[in-house]
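**Q** Starting off with a structure, shown below.
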Amino acid sequence: MHFKYFEYIVIYLSVLLVCVVGGTLARISFLGKGGDEYTANIVFWAITALSILFYALIILFLDGILVLFRKIFPKKGSSKNSTEDFIPSENLENVGEKQKQIIDENTPIYLVENSEENSVNQTTESVNLESIRKTQLQQKQQSDSVKLQIALDYTRNQFALYVIDEDLDALCNAVSLYSKKEEIPNDISVHTKGLTNLDLYHFGWNIWNYFRPIKQEEISKLLKTVFVSLDDIDVDSIKSHLKDEPQKGNIKIQEDLTDYQKT
């Protein structure tokens, strides 16, 4: 049996018992005053019925007062047209449980689908970014390799007649280190025959201009470190004469080594 039904039975039985007790007391009181048995029974039933009627009237009155009080002072978050006004109180729990079941059944599926979709999107974006980075890196490495090769070819063409093979290899290695902004060792000593310091200055300027934006101090240090004929000249002096008399000497000022390769 439902607990609420048991509660109602206890309440109604208690009220009935009180009414019967009231009727019995009235009957005993009537008999004590000399009344007859028949009339005493009528008094008993009348008092009992009136007590029950009186209880019912009190309950109806209090219920009306409670309803009026709720309308005047509604609870926060409730409205006059709320669902509770139309659904019996004993069914509200069932309705709430059904709604909760619907939410519990649907929500996880939605979240899982969204989670999987977001995971796929993130994975795709990550793969795309990695692919882009890899492609860009390969293109940069290829471009740097081509650019360095042009500079090395230029160097060999300019110095092939004026230095021995070992010194030319050392000079090309120094140019390669310079292009990568790496330290040039001090044990390189290139001896030239048939070239002036002006030729070396022009060569230095051409290499610096090609690999910009490396500072001119760095190419000046390379010239002083590599070429024996520039040992006694300081870096600042080398830097100040890099582009002197551009069209004189065996090695002339070349604005673009790429154009030089084409010719």
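Since every read-out is calculated from the coordinates, none of them should be taken as a lab result. On a predicted model such as this, the values are computed, not experimentally measured, just so you know. Cβ coordinates were reconstructed from backbone atoms using ideal geometry, including for glycine residues, and neighbour counts include every protein chain displayed.
**Q** Report the relative contact order of region 170-263, percent, no decimals, based on alpha-carbon pairs under 8 angstrom and at least 6 residues apart. Could you put the intermediate results ahead of the total?
**A** Details: 110 pairs, mean separation 31.8, N = 94.
Computed value for region 170-263: 34 percent relative contact order.
**Q** Obtain the nm distance between the two label points defined at R70 and E37 by a simple spin-label model: each point lies 7 Å from its Cα along the Cα-to-C-beta direction.
**A** 5.1
**Q** Quick one: which residues, 5+ away or cross-chain, put their amide H under 5 Å from the amide H of V190? H built at 1.01 Å from N.
**A** The list, which skips near neighbours in sequence, is F227, V228.
**Q** Which whole-Hz ³J(HN,Hα) couplings does region 55-72 yield from phi under the Karplus relation 6.51 cos²θ - 1.76 cosθ + 1.60, θ = phi - 60°, glycine and proline marked x?
**A** 5, 5, 5, 4, 4, 4, 5, 5, 5, x, 4, 5, 4, 4, 5, 5, 6, 6
**Q** Here's a follow-up. For the pairs K193/K215; K181/K224; K181/K248; K147/K180; K140/K252, flag any whose C-alpha to C-alpha distance is greater than 20 Å.
**A** Numbers: K193/K215 28 Å; K181/K224 16 Å; K181/K248 29 Å; K147/K180 11 Å; K140/K252 30 Å.
Over 20 Å Cα-Cα: K193/K215; K181/K248; K140/K252.
**Q** I want to check the label-to-label distance for L13 and S240. Put each point 7 Å from Cα in the C-beta direction and report it in nm to one decimal.
**A** The two pseudo-label positions are separated by 12.2 nm.
**Q** Whole-Hz Karplus ³J(HN,Hα) for region 235-241, in order, using 6.51 cos²θ - 1.76 cosθ + 1.60 and θ = phi - 60°, x for Gly and Pro?
**A** Each residue of region 235-241 in turn: 4, 4, 5, 4, 4, 6, 10 Hz.
**Q** Between I132 and V146, 0.36 nm times their residue separation minus their Cα-Cα distance comes to what? Spell out each step's value before the answer.
**A** Details: separation 14, 0.36 × 14 = 5.04 nm, distance 2.10 nm.
Gain on extension, I132 to V146, equals 2.9 nm.
**Q** Treating the beta-carbon of each Lys and Arg as +1 and of each Asp and Glu as -1, no other charges, what is the dipole magnitude of region 138-241 about its Cα centre, to the nearest 20 debye?
**A** 520
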